[in-house]
Amino acid sequence: MMKNQKLWIDEIEKCPNCGSTHLIRNYERGELICQDCGLVIEDTFIDLGPDWRAFDNDQYMERARAGSPSSFMVFDKGLSTEISPRNEDSYGKKIPIRNKSQLYRLRKWNSRIRSSEGRNLSIALQELDRIAENISIPKDVRETAAMIYRKAMGMKIVRGRSIEALVSASIYAACRMHNIPRTLEEISRVTKATKKNIAKAYRIENRYLKFTFAPQSPLEYVEYFRDKLKLSNETKVKAIEIINKISQAGKISGKGPVGIAIASLYIAAVLNNERKAQREFADAAGITEVTLRNRYKEISEFLGLNIGFH
């Protein structure tokens, strides 16, 4: 078998002769072969790859005849005409002076034909990407947030409202959809919109788009806050035990999951002699020290603990 042949191991299909899952796809010969018994299972495979070969990335990009996949993160999903600002043709040659004025007019009209909605979306998606980068949001969550914002635009709820607030609300909704623990306070720190305005924008989006999220649990935030505060795994386990106890007793009803999670972590840290200032816990969760103190006292009283607040 030649070294430059393209081989793929398929572990889903089984050999009808020996039942082995070690199958080799040889796209140059169009064959599917069992690696264990040598049976040629299929001899008319279609090569779904490109009809050209490339030996490095530059050659691949040069010979490829398709662009990058469409993305909700690009205002036109990557499908519009783009005129390069450089005065060069597709081969990198300089544009003749006699054609420069024509190219300038094309660029000008290309920018003019973009609708106001297109400009709004372009600004919003740039802001979305900036916020997401600052709070370490994965790519798939960014795509979901962009899709939510696009739906909001389609329902005409963007007009007259703050782009920053609606973008932030879309990110928050996407995080909840993907079970990514991010708080409104944390998002508001990296944008001009206040926590209050983001919450209001989120309620508006929820009213029109009708999100169907399960109620948030304090358990979703324990690992996240533990990492931010650099606490031990024992403290995390203890905090989870505390949350489970008060949850079974119905003591978290009507309370914010963030406050319950950080207060439980604080109690667990004190019990494990990992003493940190209350300000560190409050800052990690984006809540006030008063909220932390109230949740801490409620949980301590229920569990019958007599631990001073440090």
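The values are calculated or read from the model by the stated rules, or taken from the named source; none is laboratory data. These numbers were taken from a predicted model, which means no experiment stands behind them. Cβ: placed from backbone, ideal geometry, glycine included. Neighbour counts: every protein chain shown.
Table: residues versus (1) charged (D, E, K, R); (2) in contact (Cβ under 8 Å) with a residue 12 or more places away in the chain.
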{"site": "154", "(1), (2)": "no, no"}
{"site": "157", "(1), (2)": "no, yes"}
{"site": "161", "(1), (2)": "yes, yes"}
{"site": "164", "(1), (2)": "yes, yes"}
{"site": "170", "(1), (2)": "no, yes"}
{"site": "183", "(1), (2)": "no, yes"}
{"site": "186", "(1), (2)": "yes, yes"}
{"site": "191", "(1), (2)": "no, yes"}
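Scan 193, 201 and give me the residue that is assigned to a helix (DSSP H, G or I) and either at pLDDT below 90 or not polar (S, T, N, Q) (or both). Let's see the steps before the verdict.
Values: 193 fails: assigned to a helix (DSSP H, G or I).
Going through 193, 201 in turn, the sole match is 201.
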Which number in (1) assigned to a loop (DSSP other than H, G, I, E, B); (2) surrounded by fewer than 17 Cβ atoms within 10 Å (Cβ to Cβ); (3) touching a helix residue (DSSP H, G or I) at 6+ places or on another chain (Cβ under 7 Å) marks the one condition that residue 153 misses? (1)
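Take the conditions farther than 20 Å from residue 257 by Cβ and without any contact (Cβ under 8 Å) to a residue 24 or more places away in the chain and apply them to residue 118. Does it pass? Explain how you work it out, then say what you get.
Details: farther than 20 Å from residue 257 by Cβ: yes; without any contact (Cβ under 8 Å) to a residue 24 or more places away in the chain: no.
Spelling it out, it is not the case that residue 118 is farther than 20 Å from residue 257 by Cβ and without any contact (Cβ under 8 Å) to a residue 24 or more places away in the chain.
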Screening 231, 292 for residues that are closer than 28 Å to residue 190 by Cα, part of a loop (DSSP other than H, G, I, E, B), in contact with a Phe, Trp or Tyr (Cβ under 9 Å, 6 or more places away or on another chain) and among the aliphatic types (A, V, I, L, M) leaves only 231
Since residue 216 meets every condition but one in (1) more than 20 Å from the chain's Cα centre (by Cα); (2) at pLDDT below 90, which condition does it not meet? (1)
Can you say whether residue 179 is outside any loop (DSSP other than H, G, I, E, B) and either out of contact with any Lys or Arg (no Cβ under 7 Å at 6 or more places or on another chain) or among the charged types (D, E, K, R) (or both), as far as the supplied structure shows? no
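Residue by residue through the range 168-187, note down the ones that are more than 15 Å from residue 206 (Cβ to Cβ) and under 14 Å from the mean Cα position of the chain (by Cα).
At the first step, the residues of the range 168-187 found to be more than 15 Å from residue 206 (Cβ to Cβ) are 178-183, 185-187.
If the condition is that a residue be more than 15 Å from residue 206 (Cβ to Cβ) and under 14 Å from the mean Cα position of the chain (by Cα), then 178, 179, 180, 181, 182, 187 are the ones that fit.
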I'd like to verify a number: residues in the range 206-235 that are farther than 30 Å from residue 152 by Cβ, surrounded by fewer than 18 Cβ atoms within 10 Å (Cβ to Cβ) and without any contact (Cβ under 8 Å) to a residue 40 or more places away in the chain, how many? 4
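Just name the residue that is farthest from the chain's Cα centre (by Cα) out of those in the range 269-289 that are assigned to a loop (DSSP other than H, G, I, E, B) and surrounded by 15 or more Cβ atoms within 10 Å (Cβ to Cβ).
Restricting attention to the range 269-289, the residues satisfying the condition of being assigned to a loop (DSSP other than H, G, I, E, B) are 272-277, 286-288.
Retained after the next criterion (residues that are surrounded by 15 or more Cβ atoms within 10 Å (Cβ to Cβ)): 272, 274, 276, 286-287.
Numbers: 272: 34, 274: 32, 276: 31, 286: 21, 287: 24 Å.
Across the range 269-289, the extreme among qualifying residues is 272.
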Given the conditions (1) at pLDDT 90 or above; (2) surrounded by fewer than 16 Cβ atoms within 10 Å (Cβ to Cβ), report the number of the one that residue 301 does not fulfil. (1)
Does residue 266 fit the bill of being surrounded by 13 or more Cβ atoms within 10 Å (Cβ to Cβ), of a type outside the set (Lys, Arg), out of contact with any Asp or Glu (no Cβ under 7 Å at 6 or more places or on another chain) and more than 30 Å from residue 158 (Cβ to Cβ)? yes
Restricting to the range 144-189, name every residue that is more than 17 Å from residue 131 (Cα to Cα) and of a type in the set (Gly, Ala, Ser). 152, 154, 160
